[in-house]
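Taken together, the values in this text are just the output of simple stated rules run on the coordinates, not laboratory data. Model, not experiment: these values are computed from the prediction. Because the Cβ atoms are built from the backbone with ideal geometry, glycine has one as well, and the counts that use them run over all protein chains shown.
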Amino acid sequence: MKNKSKKRQSKHISNLILFVLMNLFIVIPAMAQDTIQLRIGSNTELSFDGTSNVHDWDCEVTEITGQGAFAQALINGSNSPENPVKNVQLSIPVKSIESGRNKMDDIMYDALKAEEHPKIEYELISSKVIQKTEDAFTLQTRGNLTIAGVTKQIAMQVKGEQLDDQTLQFTGSKNLMMTDFSVDPPKALFGAIKSGNEVNVQFTAVFSK
């Protein structure tokens, strides 16, 4: 009797394991189909502008790499989940930020501690659709931004647009304070020219296959 009971118990456990494995093989492909991987394109634009006691200034980023995982629902126009952008990671070499003035660039690289921390990085934490039309939407996002080795969490509204069935475009802007990232506003001519603390970041980011 004990042997029969053990055999039944062993068979029940085997069937349970088989059931779990079968469901895993069904669920995992379904999850993969619900998400699409896109890379940031070379047509992405990112710029910074600020002020000084002499004149305003602006810089452009000439190199940016990154990728994102997006809910398929965001692409096909159906109801989007609360977190439609699953993951975004971006990396910007500090020395790819250019103002068109070599001396100013060198001062900026020193202020951003480019030798010690050569990259500015962003990683999305969460996103939520707060407005949606047929081909466009607005997201409320939170993410970690790392500048000069200091990481801060920032909240930002981002407007998105579907350009085609495998391309998304995001636009937005954000005001940042240099000192929040332990960056001293740059100075030139022995302190005669002083940059303001606030910097406005503007971007149009294009993600595609």
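Some values worked out for this structure:
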quantity: Filtered residues of segment 111-139 (kept if over 20 Å from LYS152 (Cα atoms) and surrounded by fewer than 15 Cβ atoms within 10 Å (Cβ to Cβ)); calculated: GLU115, ILE130, GLN131, THR133, GLU134, ASP135, ALA136
quantity: Within segment 144-209, strands (runs of 3 or more DSSP E) holding 3 or more residues that are exposed (fewer than 14 other Cβ atoms within 10 Å of the Cβ) and of a type outside the set (S, T, N, Q); calculated: 150-164
